[in-house]
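Before any comments, here is the structure.
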Amino acid sequence: MSVRVLVAKVGLDGHDRGIKVVARLLRDAGMEVVYTGLFQTPDTVAIAAIQEDVDVVGLSMLSGAHLTLAPLVVSALRDRGSDIPVIVGGIVPANDVDELRAQGVADVFGPGASAQEIVAAITALVPHSN
Amino acid sequence: MTIESSYERWRLEYSAATPRRERVTTMSGVPLEPVYGPPDAEFPGVYPYTRGIHASMYRSRLWTMRMFAGFGTARDTNERFRDIIGAGGTGLSTAFDMPTLLGIDSDDPMARGEVGRCGVAIDSLADMADLFDGIDLATITTSMTINSPAAVMLALFVANAEAHGVPRARLGGTLQNDILKEYQAQKEFIFPPRQSMRLVRDTMAFTAAEMPKWNSISVSGYHIREAGSTAAEELAFTLANGFAYVELAREAGLDVDAVAPRLSFFFNAHIDFFEEIAKYRAARRLWATWMRHHYGAVDERSWQLRFHTQTAGVSLTAQQPEVNLARTAIEALAGVLGGTQSLHTNSMDEALALPSQKAARLALRTQQVLAYETHVADVADPLGGSWFVEELTDEMERRAESLFAEIAEMGQGSMLEGCIKGIEDNWFQGHIADSAYELERAFNAGERIVVSVNAYTEGNEDDDLTLLRVTNEDEARQLVRLAHVRQTRDDDAVRDALARLSHDAADPTVNVMESLIGAARAEATVGEMMGAMVNVFGRYVEVPSL
């Protein structure tokens, strides 16, 4: 059974180069990828993730709003009783990584992360993939 | 009848120019001509302008060192603007935050966490006044990098200047206002494409009639390239969008020579040095040829492609960020050798955050080294005649022409319709995403080396840059300012102004600019003005595609 990932853009950030490239790289690695488009809210992401029964949610954040929005996505999932892990990729300064982890984000990928690193991290988060 | 050679025309033009220095030599005293080439060559300042739009190029005037800045509140950004000017910057460009770019106010629930984060928050006339407080708008030209709400921002700018006694006709500056590339690449759209184009038409008509020194659109390839396109796609899509705006103006009954001289362009300077230079040279030649022969422009200024350049944000690395100083310097050099009219150099810390004051100053210093130490500005188009650069220029031109043909086919002969169809069919978006994927594939396969990322990573652990932090307190300060505006303004005047705006927006034969300026004066907010137009125009929803 292949790993299912929802990739999402939350808030007002329209930079979608990274999310599209990562989505294709995950597909190349044999994963199923769902993309819900731009300008989503934490609630719409959580609802889509649960409905699509994905294994991981990946947020792409390049506008500096990650400390506000990523924890809201985590809590929108937990409030609905879901334990789907949330990972973040984008422009995230190193100092913010610990803060995001403390708020329940499972992993963070900054600029320059390779496809291999991202695939390995997702695989490690999904028990049935092993 | 004798046909003047390019050289003879150049010599005539050059003799009318005022050089910055009388005698120009190399460091060792070798005298330098303003340009080199055999008598039968093409020369700068002469159609089709491959070698530059001015006969004297940087001999009479250096490029404008236009630094792009914006964060936090208007007061924070005003301080940074003054710092840039104090450090020798000669132009300004305003970066707006995401809520402003998407036409919502700082107190909108969707703005949470985004206020002042990647640009300055502008909610109303009061913010616009603070933004340019104490800056002489007559000597420092300003650019406003905004698209969907461009007409609203222009209205705020005009209302603010007029409140300070500067008539609109004297205002010089640039509105990015290039909505087509928003759907194609940057994705800061609000209204559907045709409704957006009506606002572009209104700003073009308004500035052509009332603001002769204002650039109505900065047709931008920068974001197309940053989103992942190739150099040839950046060139072709940008010029095609430019042709679309010319056709839009023509459909509105405006003369091509009334609008084309006020269109400017904005290109990326990426890391492939010679390809970028070839791209700029091909851009000038293509624009001149198309404006003259397809669109029948007769004013030479309509043929001359003027452009701003910004070094490539995507080429910057978060690892060993000081290396970005070298990348940016090389990219900036390509812009100068390619004959740019103005230049923004990125700061070394921009893969991590908005630039710190120190990093922004270093970026400006890079331009000053190029301008004053290296002598690269002494001779126009110094690479002209290089077999390699000339062939690469021709190849850029051929590739662009081939993409123009595809766009024209989508529009059944119309570039305007072709651009809109290409957006609606995800044609542009697909091209850009495919090219971005190919670059990333090559990177992951180790075919493309990025120093400090997939090679030469010793030193990646050092992390001693001091980054600019925009915090939730900055957001809170902006909310206080906005609440104050809402409390102190005349609510009846706001209601009336917004009603007039809704009325004018609903009638496509009316130009909305005057009612927008009226609403700006009444202290209506950006979100209220955009909201009134959303009610009339509707919202665009992109069909997600991977």
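The values are calculated or read from the model by the stated rules, or taken from the named source; none is laboratory data. Because the structure is predicted, anything quoted here is derived from the model rather than measured. All Cβ positions, glycine included, derive from the backbone under ideal geometry; neighbour counts span all protein chains shown. Side chains are part of the model used for accessible areas, which takes the heavy atoms of the whole protein and leaves out ligands, DNA and RNA. Shrake-Rupley method; radii C 1.70, N 1.55, O 1.52, S 1.80 Å.
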Point to revise | Shielding by other protein chains, B:112-125, mean Cβ within 10 Å | key: 4
Revision key, fill the gap. Taking Cα atoms, the helix B:427-444 axis meets the longest principal axis of chain B at an angle in degrees (rounded to 10) of 60 degrees
**Study point:** Vicinal HN-Hα couplings computed from phi for region B:383-400 (Karplus, 6.51 cos²θ - 1.76 cosθ + 1.60; Hz; Gly/Pro x)
**Key:** 9, x, x, 5, 4, 5, 5, 5, 5, 5, 4, 4, 5, 4, 5, 4, 5, 5
Exercise for review: Over both sides of the B-A contact, add up the buried accessible area with a 1.4 Å probe and give it to the nearest 100 Å².
Suggested key: 3200 Å²
Practice item. Round to the nearest 10 and give me the degree value, 0 to 90, for the angle of helix B:491-505's Cα axis relative to the longest principal axis of chain B. Key: 50 degrees
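Would you work out what percent of the accessible area of region B:487-537, with all protein chains in place, is carbon or sulfur (probe 1.4 Å)?
Carbon and sulfur together cover 48 percent of it.
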Point to revise | Solvent exposure of region B:177-450 as accessible area per residue, Å², 1.4 Å probe | key: 32 Å²
Point to revise | Cα-based radius of gyration of region B:487-537 once divided by 2.2 N^0.38 Å, which approximates compact folds | key: 1.04
Practice item. Give the total of Lys-Lys pairs in chain B with Cα-Cα distances below 30 Å; include a pair only if its members are 8 or more places apart or on different chains. Key: 8
Check your understanding: Can you list the HN-Hα couplings for region B:41-56, worked out from phi with the Karplus curve (6.51, -1.76, 1.60; θ = phi - 60°), rounded to whole Hz and with x for Gly and Pro?
Key -> 7, 7, 10, x, x, 10, 3, x, 6, 3, 8, x, 8, 10, 5, 9
Check your understanding: In the full protein assembly as shown, how much of residue A:114 is accessible to a 1.4 Å probe, in Å² to the nearest 10?
Key -> 20 Å²
Exercise for review: Kindly work out what percent of the DSSP beta bridges joining two residues of the protein assembly as shown are antiparallel, to the nearest 5.
Suggested key: 0 percent
Practice item. Keeping all protein chains in position, work out how much accessible area residue B:414 exposes to a 1.4 Å probe, and write it in Å² to the nearest 10. Key: 20 Å²
Review point. Ordered by packing density, taken as the mean number of other Cβ atoms within 10 Å over each peptide's residues, highest first, how do B:25-32, B:401-408, B:96-103 rank?
Key: B:96-103, B:401-408, B:25-32
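How many percent of DSSP beta bridges within chain B run antiparallel, rounded to 5?
Approximately 5 percent, going by the DSSP bridge assignments.
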Review point. Quick one: Debye curve from the C-alpha atoms of chain B, no solvent, what's log10 I(q)/I(0) at q = 0.09 Å⁻¹?
Key: -0.66
Study note, to complete from the structure: Interface call, region B:509-546: threshold 10 Å², probe 1.4 Å, accessible heavy-atom surface of protein chains, chain by itself vs complex, result B:542, B:544, B:545, B:546
Review point. Given N residues in region B:177-450, what is Rg(Cα) / (2.2 N^0.38 Å)?
Key: 1.00
Study note, to complete from the structure: The simple spin-label model distance between residue B:539 and residue A:75, using points 7 Å out along Cα→Cβ, in nm, is 2.3 nm
Review point. Given N residues in region B:356-469, what is Rg(Cα) / (2.2 N^0.38 Å)?
Key: 1.61
Practice item. Give the Rg/Rh ratio for region B:282-339, taking Rg as the radius of gyration of the Cα atoms and Rh as the Kirkwood radius, to two decimals. Key: 1.22
Check your understanding: Taking only C-alpha pairs under 8 Å that are 6+ residues apart, what is the relative contact order of region B:205-278 in percent?
Key -> 43 percent
Review point. How high is the FRET efficiency between residue B:274 and residue B:82 when r is their beta carbon distance and R₀ equals 45 Å, given to the nearest 0.05?
Key: 0.75
Review point. In deg cm²/dmol, rounded to 500, what helix-only [θ] at 222 nm does the protein assembly as shown give when every DSSP H run of at least 4 residues adds -39500 (n - 2.57) and the total is split over its residues?
Key: -14500 deg cm²/dmol
Revision key, fill the gap. So for chain A, using the alpha carbon gyration tensor with a ≥ b ≥ c as root eigenvalues (a/c under 1.5 gives rounded; past that, a/b versus b/c decides prolate or oblate), I'd call it rounded
Check your understanding: Each residue of region B:317-333 in order: what ³J(HN,Hα) in whole Hz does its phi give by Karplus 6.51 cos²θ - 1.76 cosθ + 1.60, θ = phi - 60°, with x for Gly and Pro?
Key -> 10, 7, 7, 6, x, 4, 4, 4, 4, 5, 4, 5, 5, 5, 5, 5, 4
Review point. How high is the relative contact order of chain B, in percent, with contacts defined as C-alpha pairs under 8 Å that are six or more residues apart?
Key: 19 percent
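At a threshold of 8 angstrom on Cα-Cα distance, excluding pairs fewer than six apart, so keeping six or more, what relative contact order does region B:58-187 reach in percent?
24 percent
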Exercise for review: Beyond 34 Å, what share of the Cα-Cα pairs of the protein assembly as shown is found? Please give it as a whole percent.
Suggested key: 45 percent
Review point. If you count the DSSP beta bridges with both ends in chain A, what percent of them are antiparallel, to the nearest 5?
Key: 0 percent
Practice item. Determine the residues within region A:24-46 where the difference in accessible area between the chain on its own and the full set of protein chains amounts to at least 50 Å²; count protein heavy atoms only and use a 1.4 Å probe. Key: A:24, A:35, A:39
**Study point:** Environment charge of residue B:219, counting only residues whose C-beta is closer than 10 Å and scoring Lys/Arg +1, Asp/Glu -1
**Key:** 0
Review point. Considering amide H positions built from the backbone, and no H for Pro or chain starts, which residues 5 or more places from residue B:95, or on another chain, come under 5 Å of its amide H?
Key: B:69, B:70, B:120
